[in-house]
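Notes follow once the structure below has been shown.
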Amino acid sequence: MTTDSTSLKLKKVVPDAEDFLPILGTDFVELYVGNAKQAAFYYQHAWGFQPVAFSGMETGNKNSVSYVLQQGKIRLVLTSPLKPGGDINRHIDKHGDGVKFVALWVDDARKSYEETTKRGAKSYAEPYVMEDKNGKAVISGIHTYGETIHLFVERGDYNGPFLPGYREWKTKASADDTGLQYIDHMVGNVGWNEMNKWVDFYARVMGFAQLVSFDDKDISTDYTALMSKVMSNGNGRIKFPINEPAEGKKKSQIEEYIDFYNGAGVQHIALATDNIIETVSALRDRGVEFLHVPETYYDDLLDRVGEIDEKLEPLKELGVLVDRDDEGYLLQIFTKPVLDRPTMFFEIIQRKGAQSFGKGNFKALFEAIEREQELRGTLN
């Protein structure tokens with residue numbers, strides 16, 4: 001790998017992480033979807049992702065088709081089956097569209113596999129080499145919560161558009177990007193009393209450390225509650241909050257997710273920007289729908305969070321939330337579910353020093369989610 005990659009690996013910012021598994025970043029997130037061509041069009045034109053690579057019948061792949069899109073360091077892979085039966089169809093039938101693979105960029109996919117499986121991870125794929133005229137890549141994988149898979153991707157000897165077996169994909173009908181830069185964190189929803197099991201998994205199997213935890217007193221409204229713990233690798237580039245339901249008067253968003261996804265899975269992906277007003281304005285103009293909090297949220301905002309660089313009116317008009325911690329503040333907003341089932345959604349986040357996750361916004365956010373649940377008839 002390059003010197004820059006190695007320096008990322010060595011810079012440890014989470015002291016408690018054992019970090020025997022150096023991870024350089026998120027390589028890609030792959031979703032199994034019912035219609036990859038139309039999903040690719042959506043992420044291009046609504047979100048500003050750019051076409052990168054393609055795999056399908058034209059490349060010799062007779063069983064599935066995949067479109068690869070990228071914006072900043074965020075790489076999405078959208079995959080659909082070409083034939084009836086098989087794992088992709090079964091996954092879509094059970095879960096709807098959703099995240100199947102969270103691929104992690106590593107120096108050594110073989111070592112990553114050995115280190116995790118010897119600590120108890122269930123093998124998904126033993127290390128194998130993919131190769132074409134542009135070089136070779138090594139891939140391995142392990143099972144995590146639900147049917148979500150972590151792939152380890154070693155691509156130091158590959159110079160193609162994505163991975164061997166893919167060809168460059170261009171289209172005239174692409175849209176400008178919206179200022180999205182990288183994946184800040186990815187949230188997993190798990191079942192009742194399963195959070196600590198998966199927190200232990202990331203600590204024991206992958207060398208992560210717990211950054212912060214939230215209990216049902218932190219994350220609750222009059223009706224619903226949940227628990228959450230945030231796990232991070234040593235260099236802080238991979239952060240996985242793990243959510244589980246907590247007892248409440250009505251059905252929480254986590255229970256709704258698990259009901260419709262039929263099990264544990266990736267609930268939302270937080271995408272970072274350095275100008276949330278411009279990014280959210282562009283996304284909204286292209287049809288992306290966001291949760292909206294009552295305007296009263298902004299009445300005492302500056303008293304709660306102190307001075308901020310942004311003007312209050314555009315934040316209020318867009319529905320952007322603000323929270324502060326000891327290191328600075330952050331701005332965040334959440335989309336409505338981007339799928340027909342009320343499962344996966346996105347968060348847009350801009351950090352102005354803050355390293356937290358918006359604890360001060362939880363109540364307003366959850367009340368906004370509950371209003372959507374009530375419209376869907378799934379709150380009771």
Report summary line: Flagged in region 238-274 as closer than 26 Å to Asp176 by Cα and either basic (Lys, Arg) or assigned to a strand (DSSP E or B) (or both), in numbering order, are His268, Ile269, Ala270, Leu271, Ala272, Thr273
Report task. Within region 279-303, track down each residue that is farther than 28 Å from Lys100 by Cβ, at pLDDT 95 or above and exposed (fewer than 14 other Cβ atoms within 10 Å of the Cβ). Result -> Asp285
Query raised in the report: How many of the residues making up region 54-71 are buried (at least 18 other Cβ atoms within 10 Å of the Cβ) and in contact (Cβ under 8 Å) with a residue 60 or more places away in the chain?
Result: 6
Requested in this report: Can you tell me which residue among Lys118, Lys136 is free of Cβ contacts under 8 Å to residues at least 24 places away in the same chain and not polar (S, T, N, Q)?
Outcome: Lys118
Requested in this report: Output the residues belonging to region 275-296 that are under 18 Å from Asp177 (Cα atoms) and either out of contact with any Lys or Arg (no Cβ under 9 Å at 6 or more places or on another chain) or not assigned by TED's automatic domain parsing to the domain that holds Pro342 (or both).
Outcome: Asn275, Ile276, Glu278, Thr279, Val280, Ser281, Ala282, Leu283, Arg284, Asp285, Arg286, Gly287
Query raised in the report: Asn89 versus (1) surrounded by 22 or more Cβ atoms within 10 Å (Cβ to Cβ); (2) polar (S, T, N, Q); (3) in a helix (DSSP H, G or I): which is the lone unmet condition?
Result: (1)
**Report entry** Cross-chain or 6+ apart pairs with Cβ under 6 Å, region 142-166 first and under 17 Å from Leu76 (Cβ atoms), then acidic (Asp, Glu) and at pLDDT 95 or above
**Finding:** Val153/Asp27; Pro161/Glu168
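The values are calculated or read from the model by the stated rules, or taken from the named source; none is laboratory data. Because the structure is predicted, anything quoted here is derived from the model rather than measured. Here Cβ is always computed from backbone atoms with ideal geometry, including for glycine, and neighbour counts include all displayed protein chains.
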